[in-house]
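The values are calculated or read from the model by the stated rules, or taken from the named source; none is laboratory data. Since the structure is predicted, the reported quantities are computational estimates derived from the model, not experimental observations. Every residue, glycine as well, gets a Cβ built from its backbone with ideal geometry; the counts of neighbours run over all protein chains shown. Areas reflect the complete protein model, heavy atoms only, side chains present, ligands, DNA and RNA absent. Shrake-Rupley method; radii C 1.70, N 1.55, O 1.52, S 1.80 Å.
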Amino acid sequence: MQKQKSFDSSSIGQLYLVPTPIGNLEDMSFRCINILKEATIIASEDTRNTQKLLNHFEVSTPQISFHEHNYKERIPQFIERLEAGELIAQVSDAGMPSISDPGHELVEACIEAGIKVIALPGPTAGITALIASGLSPQPFTFYGFLPRKKKEQMDVLEKLKTAVPTQIFYESPHRIATTIKHFSEVFGEERKAVICRELTKLHEEYLRGTLAELRDYLAEHTLKGECCLLVEGADGSEVAENADLELSIKEHIDVLMNTGSSSKEAIKEVAKLRGLKKQEVYKEFHVD
């Protein structure tokens, strides 16, 4: 067990995780600005991008790049500086560090070294979009970016299909149409979903509808800007269907008949759920 008292006096340095605006610069808090000014250095995902933010708020603290391609090299350097008593502020290009952005490995290294890690509250696209989506905000799960390859993405969606919480994803505007199509195939066309793009910016837009409606809309319209995709959780029927697939075909048919279905209706439904021909299910049901 490790206990951290974030704000007691200490000679060792501290790592501050500083959120930055996801679009509107007015979302930058006074505390975040002050920490950036007080820091010895700022570890930035893209120093060119962050420099625009620093110029706007007249912050002169020097930067050093910290991203997925150099984090293994940078982390020992940062730990050495922190142990010497320096204060490092880590930022991503937009939103919260570590959320689909660099940062987690540095946090782990600091905790291992007994260095305080202090997170500042601020903008994050997923939660911001969630509370305005109209979908249930509790419970929810955050996934981030799905795999790009179709087979890998479909495999992940099959695993998420029966999850009850509202699900939050990030997606590129170039892939959103294909991703929505995959969702409709796996989750079903009538599942509700919301696409939020250009969050906090002038052209912020919410697209609310079923997966089928969003799929059809995207077949004729191209989106711009990074997208946040929110998908309604399962209502429980998918979980029951999935459990029924563990039964034998005859047992599965009996379950449906016990709920009021005729044998003909039950055979048709079981064939559909299992991807079989009705004749195969019929023969299995009537085997002595």
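A few remarks follow.
- Listed by first and then second residue, the pairs with beta-carbon distance under 7 Å, at least 6 apart or on different chains, first residue in the range 274-288 and open to solvent by 90 Å² or more (accessible area, probe 1.4 Å), second part of a helix (DSSP H, G or I), are Lys277/Ala271; Lys278/Ile267; Lys278/Lys268; Lys278/Ala271; Tyr282/Ile267; Glu284/Ile249; Glu284/Lys250.
- Some residue of the range 56-64 being surrounded by 14 or more Cβ atoms within 10 Å (Cβ to Cβ), without any contact (Cβ under 8 Å) to a residue 24 or more places away in the chain and in contact with a Ser or Thr (Cβ under 9 Å, 6 or more places away or on another chain): yes
- Considering residues of the range 27-48 that are farther than 25 Å from Glu108 by Cα and touching a Ser or Thr at 6+ places or on another chain (Cβ under 9 Å) only, the residue most open to solvent (accessible area, probe 1.4 Å): Asp27
- Restricting the search to strands (runs of 3 or more DSSP E) fully inside the range 40-148 and requiring at least 2 residues that are outside the structural domain of Thr162 (by the TED database) gives 41-44, 63-65, 87-91, 116-119.
- Within the range 14-47, being out of contact with any strand residue (DSSP E or B) (no Cβ under 7 Å at 6 or more places or on another chain), of a type in the set (S, T, N, Q) and under 26 Å from Glu198 (Cα atoms) holds for Asn24, Ser29.
- Residues in the range 72-118 that are touching a Pro at 6+ places or on another chain (Cβ under 6 Å) and over 22 Å from Gln4 (Cβ atoms): Gly95 only.
- All conditions in (1) more than 25 Å from Leu36 (Cβ to Cβ); (2) in contact with a Phe, Trp or Tyr (Cβ under 7 Å, 6 or more places away or on another chain); (3) open to solvent by less than 30 Å² (accessible area, probe 1.4 Å); (4) not in a helix (DSSP H, G or I) hold for Leu157, with the sole exception of (4).
- Cβ-Cβ contacts under 7 Å between residues 6 or more apart (or on different chains), taken from a first residue in the range 129-156 that is more than 17 Å from Phe187 (Cα to Cα) to a second residue that is modelled with pLDDT of 95 or more and loosely packed, with under 13 Cβ neighbours inside 10 Å, are listed as Pro137/Ile131.
- Residue satisfying condition, being out of contact with any Leu (no Cβ under 8 Å at 6 or more places or on another chain), more than 14 Å from Thr47 (Cβ to Cβ) and in contact (Cβ under 8 Å) with a residue 24 or more places away in the chain, within set Glu68, Glu108, Glu73, Glu80: Glu68
- Flag if Ala193 is in contact (Cβ under 8 Å) with a residue 12 or more places away in the chain, buried (at least 21 other Cβ atoms within 10 Å of the Cβ) and not β-branched (Val, Ile, Thr): yes
- Of residues in the range 1-20 being within 17 Å of Ala84 (Cα to Cα) and assigned to a loop (DSSP other than H, G, I, E, B), the one least open to solvent (accessible area, probe 1.4 Å): Gly13
- Filtering the range 25-39 to residues that are among the aliphatic types (A, V, I, L, M) and part of a helix (DSSP H, G or I) leaves Leu25, Ile33, Ile35, Leu36.
- Of the listed requirements (1) more than 18 Å from the chain's Cα centre (by Cα); (2) of a type in the set (Val, Ile, Thr); (3) open to solvent by 10 Å² or more (accessible area, probe 1.4 Å), Thr178 misses just one: (1).
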